[in-house]
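Written below as structure tokens is the structure these notes are about.
The values are calculated or read from the model by the stated rules, or taken from the named source; none is laboratory data. Just so it is clear, the model here is predicted, and its values are computed rather than measured. Heads up, the Cβs are rebuilt from the backbone with ideal geometry, glycines too, and the neighbour counts pull from every protein chain shown. For the accessible areas, the whole protein counts, side chains as well, though only heavy atoms, and no ligand, DNA or RNA atoms are used. Shrake-Rupley method; radii C 1.70, N 1.55, O 1.52, S 1.80 Å.
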Amino acid sequence: MTTPVPESQVPSIPLAELPEQLPENSALLDVRENDEWQAGHAPGAVHIPMSELPQRLDEIPEVDDLYVICRSGGRSAKVTAYLNANGWDAVNVERGMNGWAAEGRPLVSEDPDGKPYVL
């Protein structure tokens with residue numbers, strides 16, 4: 001079993017440095033729970049809740065740059081550390097979806113009648 005990496009040592013990127021339109025061969029992995037995802041998420045993001053991740057590792061996109069996001073950065077830091085300890089090269093997105101929305105970045109919702117928001 002691997003020793004947990006302190007969140008302060010997890011590879012991270014400031015949200016301001018993450019392009020809204022990710023480059024080719026990159027992916028944004030949203031690890032928030034289903035209700036959070038349905039309320040609003042980044043267009044094109046891949047959704048695998050943190051609680052389901054160990055059973056769904058085969059669904060993680062095979063890309064050069066894997067960015068992990070949650071609501072504020074805590075869960076995504078833990079997932080980033082887990083993935084990196086198990087062979088991935090993931091980067092935590094600082095400030096998470098709260099920062100994403102605060103910066104006015106685009107959001108989409110799974111509710112066709114609802115305005116997307118960060119839960």
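Taken over segment 52-111, the criterion of being part of a helix (DSSP H, G or I) and of a type in the set (Phe, Trp, Tyr) is satisfied by Tyr82, Trp100. When each of Glu110, Glu36 is tested for being of a type outside the set (Ser, Thr, Tyr) and either open to solvent by 40 Å² or more (accessible area, probe 1.4 Å) or in contact with a strand residue (DSSP E or B) (Cβ under 6 Å, 6 or more places away or on another chain) (or both), the lone residue that passes is Glu110. Screening Tyr117 against (1) crowded, with 18+ Cβ neighbours inside 10 Å; (2) aromatic (Phe, Trp, Tyr); (3) modelled with pLDDT under 95 leaves a single unmet condition, (1). Across segment 82-119, the number of residues qualifying as within 15 Å of Asp65 (Cα to Cα) and small (Gly, Ala, Ser) comes to 2.
Within segment 66-97, the set of residues being open to solvent by 60 Å² or more (accessible area, probe 1.4 Å) and either over 12 Å from the mean Cα position of the chain (by Cα) or aliphatic (A, V, I, L, M) (or both) comprises Tyr82, Asn86, Gly87, Trp88, Asp89.
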